[in-house]
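Take a look at the structure below.
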Amino acid sequence: MAVARSTIGKLLYGVLFVVALPVILVLWAAATQDSVSLPVLPYAWAGQLIAGIGVALLVSAWIALIAFGHGLPMNPYPPSHYVMRGIYRYLAHPIYIGFILVCIGVAMHFGSSSGLWLVTPMVALGTAALVLGYERHDLRARFGDAVRNPLIALPPDEVSSPTAWDRVSVFLLVFLPWSVAYELVYRLGVPPDAIVVHFSFERSWPVLEWTEAMYGSVYLFVISAPLLVRTRRALRRFAVTGLIATAVVTLIYLTVPVIAPPRAFEPQGFLGRMLLVERSMSHTVAAFPAFHVIWSLIAADAWATRSRRWGAFGWVWAALIGVSCITTGMHAILDLVAAIVVFVALRSRRSIWQATRIGAELIANSWHEWRWHGVRVLNYALYAALAATVGFWISTTLGGPQVFWQLVFIHLCGLLGAGMWAQKLEGSIKLSRPFGYYGGAIGGGVGCLISGAVGGNILLLMTLIAVEGPWLQAIGRLRCLVQGCCHGREAPEGIGIRYWQPRSRVCVLGDLEGVPLHPTPLYSILANVVIGVLLLRLWVLAAPLGIIAGGYLMLSGAARFVEESYRGEPQTPKVAGLPIYQWMATLSFAIGVAMTMLPGGGVHGMRFGFDTRVAIAGAIYGLIVGCAMGVDLPGSTRRFARLASP
């Protein structure tokens with residue numbers, strides 16, 4: 001009987017991912033084609049080539065897992081042996097890489113803007129979440145020290161000399177993603193609300209076309225850096241800095257509508273014509289901050305690890321490239337200033353992280369309470385009230401007066417749902433009044449449906465709650481730090497934070513006092529800030545409401561799936577080996593996909609301005625939430641009386 005169930009399970013799993021999933025993705029792309037009005041890449045032949053490479057990776061990975069792993073390429077039925085042969089000798093996740101390439105290739109072949117700009121990025125996000133939130137931990141748990149990096153991987157943090165594969169890996173894993181990200185931003189074109197960043201006095205500066213020689217040398221300068229460094233540690237620092245720079249700056253390009261149109265000139269010679277050629281391959285977008293400058297500074301930093309003389313030469317070269325960004329008319333002064341600020345932040349990222357981590361640890365141990373006639377006010381009530389107030393202000397300000405009372409009702413439903421959900425999952429004698437995010441989301445969703453039944457615009461209301469959601473979460477996680485809920489599992493020194501406050505849930509329920517734990521509330525704060533910025537940008541651009549609301553559910557679902565893999569709350573129930581919140585995150589992602597297919601246009605523009613009614617109502621709602629989540633009766637044993645141990 002067990003063998004039969006296993007065979008049926010494998011068959012169903014195979015059908016789901018080999019047949020059903022591709023069909024769903026095609027239908028998703030077709031259903032959202034009119035909602036994603038972005039340019040396509042008119043290279044059908046390239047799409048066919050990319051898809052072919054993806055299929056080759058998929059097939060070779062399946063063969064390797066079956067032949068060398070003695071198992072199937074299925075997470076519930078994994079191979080019994082760790083595989084480092086075949087394609088896995090070169091790549092860590094060829095199945096996922098191959099599948100993403102197939103998605104890209106098919107989208108390009110059929111000219112599907114939705115397939116390229118929506119479906120493929122979300123597939124990539126989902127696979128990344130699966131790897132980071134499940135597979136990486138599962139491999140370590142099953143194979144331990146047998147898990148090794150393939151040939152194409154970031155160099156280890158060692159002082160030994162880089163291998164040829166280490167250097168090749170930087171080109172494939174750092175330069176290639178940067179090139180793709182830059183090209184995609186370029187293809188998006190100039191945003192409709194673009195702001196020119198030039199100062200008035202610099203617009204009349206002449207273009208010195210002979211400085212194109214230095215401006216164009218950036219490619220040689222940067223590409224040579226991985227070839228010149230002498231240690232794997234230096235090469236790894238170069239690679240990691242480049243990857244973080246790509247992620248951070250691409251986010252800036254997508255969310256900050258700043259452009260720097262090149263200054264006009266008439267070419268007088270070869271270098272002038274070369275400058276025009278370079279301008280034809282880029283335009284006013286992707287200029288703030290200037291990646292020419294960022295990459296030059298990263299390369300100079302790498303050159304400096306070779307020797308003092310090499311470093312001096314590299315920094316001078318980087319400085320000249322920076323100056324040429326102005327003299328060639330390709331960038332504005334503020335582009336350079338922003339680039340320098342980004343580089344300094346990247347170079348100081350360890351110090352910034354340590355300061356942030358220490359700050360989170362101080363907040364986590366800042367518990368304070370006031371008692372009056374049996375009533376206890378906990379200091380984290382302030383964070384709950386602030387989160388509720390700010391979230392309420394965001395949605396009601398963007399929605400306008402016509403949806404004010406509907407949003408009031410929805411927020412109250414969300415608070416009620418948060419309490420009911422957590423009471424069911426986590427309620428106990430010690431914890432008689434918990435609150436849960438997914439309960440709040442469900443309660444808010446029910447409130448939207450009820451409001452829609454009496455004449456409201458359900459999709460608009462859900463979108464407003466979605467735009468509010470990340471900021472509500474980001475601020476609310478400060479309460480989690482103090483309370484000790486949502487805490488992480490054990491972490492290495494330098495990453496984890498310690499709890500020593502005896503009333504914290506970490507100490508009361510987890511018995512983990514003094515143990516360094518992953519600062520999962522901090523991880524959530526950082527992820528939600530990124531999500532919040534992206535959603536606000538989509539709102540400003542009047543993106544379809546379904547795209548915004550669905551985008552929130554997909555992005556937050558992926559982030560929560562990964563975050564949950566680092567959490568260590570003993571009271572969290574598990575289903576089929578996974579914490580229930582990972583299943584909820586997966587469901588959130590799936591619902592987000594469905595919501596993107598709902599018809600409905602966007603709402604143009606941002607609404608700003610002070611509204612007395614909104615301000616007062618937000619403050620009152622914040623007070624209600626603050627009392628619900630931060631005021632209790634510690635001496636009572638009645639249900640819902642206590643938020644924490646007396």
Candidates for percent of Cα pairs over 48 Å apart are [x] 34; [y] 15; [z] 19, and the calculated one carries label [z]
Of the residues Ala287, Val323, Trp303, the Cα lying farthest along the dipole of the stretch 238-331 towards its positive end, which is defined by charges on the beta carbon of Lys, Arg, Asp and Glu, belongs to Trp303
Tell me which residues come under 5 Å, amide H to amide H, from Leu643 once H is placed; ignore anything under 5 positions away on its chain. Leu633
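Taking the Cα centre of the chain as origin and charging only Cβ (+1 Lys, Arg; -1 Asp, Glu), how large is the dipole, in debye to the nearest 20? Please list the in-between numbers first.
Working: 46 positive and 29 negative charges, 279 e Å.
Computed about the Cα centre, the dipole is about 1340 debye.
Loop only by DSSP, 12 or fewer other Cβ within 10 Å of the Cβ. Give me the chymotrypsin sites (Phe, Trp or Tyr not before Pro) in the stretch 151-206 that pass, ordered by residue number. List each step's numbers first, then the result.
Values: sites: Trp165, Phe171, Phe175, Trp178, Tyr182, Tyr186, Phe199, Phe201; in loops: Phe199.
When the chymotrypsin sites (Phe, Trp or Tyr not before Pro) of the stretch 151-206 are filtered for loop state and at most 12 Cβ neighbours within 10 Å, Phe199 remain.
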Enumerate the amide H contacts of Gly488 below 5 Å, restricted to partners 5 or more residues apart or on another chain; note that Pro and chain-start residues carry no placed amide H. His518, Thr520, Gly568
Given the rule -39500 (n - 2.57) for each run of at least 4 DSSP H residues, summed and divided by the residues of the chain, what is its mean residue ellipticity at 222 nm, to the nearest 500 deg cm²/dmol? -20000 deg cm²/dmol
Would you be so kind as to identify which of Phe143, Gly189, Val207 lies farthest towards the positive end of the dipole of the stretch 137-213, taking Lys and Arg as +1 and Asp and Glu as -1 on Cβ and the Cα centre as origin? Phe143
Give me a comma-separated list of calculated 3J(HN,Hα) values for the stretch 89-96, in order, Karplus coefficients 6.51, -1.76, 1.60 applied at θ = phi - 60°, integers in Hz, x for any Gly or Pro. 5, 10, 10, 7, 9, x, 5, 5
Computed for the stretch 187-238: size of charge dipole around the Cα centre, +1 on C-beta of each Lys and Arg, -1 on C-beta of each Asp and Glu, debye to nearest 20, value 680 debye
Please turn the phi angles of the stretch 391-407 into ³J(HN,Hα) values with the Karplus equation 6.51 cos²θ - 1.76 cosθ + 1.60 (θ = phi - 60°), one per residue in order, whole Hz, x for glycine and proline. x, 4, 4, 4, 5, 6, 5, 5, x, x, x, 5, 10, 4, 5, 5, 5
Tell me the per residue accessible area of the chain using a 1.4 Å probe; a whole number in Å² is fine. 47 Å²
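Pairs of Cα atoms under 8 Å, at least six residues apart: use those to get the relative contact order of the chain, whole percent.
RCO, the chain: 12 percent.
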Extreme residue, positive dipole direction of the chain, given options His373, Leu125, Ala225 (C-beta unit charges): His373
Quick check: Cα centre of the stretch 340-394 to Cα centre of the stretch 440-461, how many Å? 31 Å
Can you work out the Karplus-derived ³J(HN,Hα) for every residue in the stretch 160-177? Use 6.51 cos²θ - 1.76 cosθ + 1.60 with θ = phi - 60°, whole Hz, and x for glycine or proline. 6, 6, x, 8, 4, 5, 4, 5, 4, 4, 5, 5, 7, 9, 10, 5, 5, x
Rounded, prolate or oblate: which fits the stretch 538-619 when a ≥ b ≥ c are the square roots of the eigenvalues of the alpha-carbon gyration tensor, with rounded for a/c under 1.5 and prolate only if a/b beats b/c? oblate
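The values are calculated or read from the model by the stated rules, or taken from the named source; none is laboratory data. A quick note: this is a predicted structure, and the numbers were derived from the prediction, not measured. We place every Cβ from the backbone using ideal geometry, glycine too, and count neighbours over all the protein chains shown. These area figures cover heavy atoms from the full protein model, side chains too; ligands, DNA and RNA do not enter into them. Shrake-Rupley method; radii C 1.70, N 1.55, O 1.52, S 1.80 Å.
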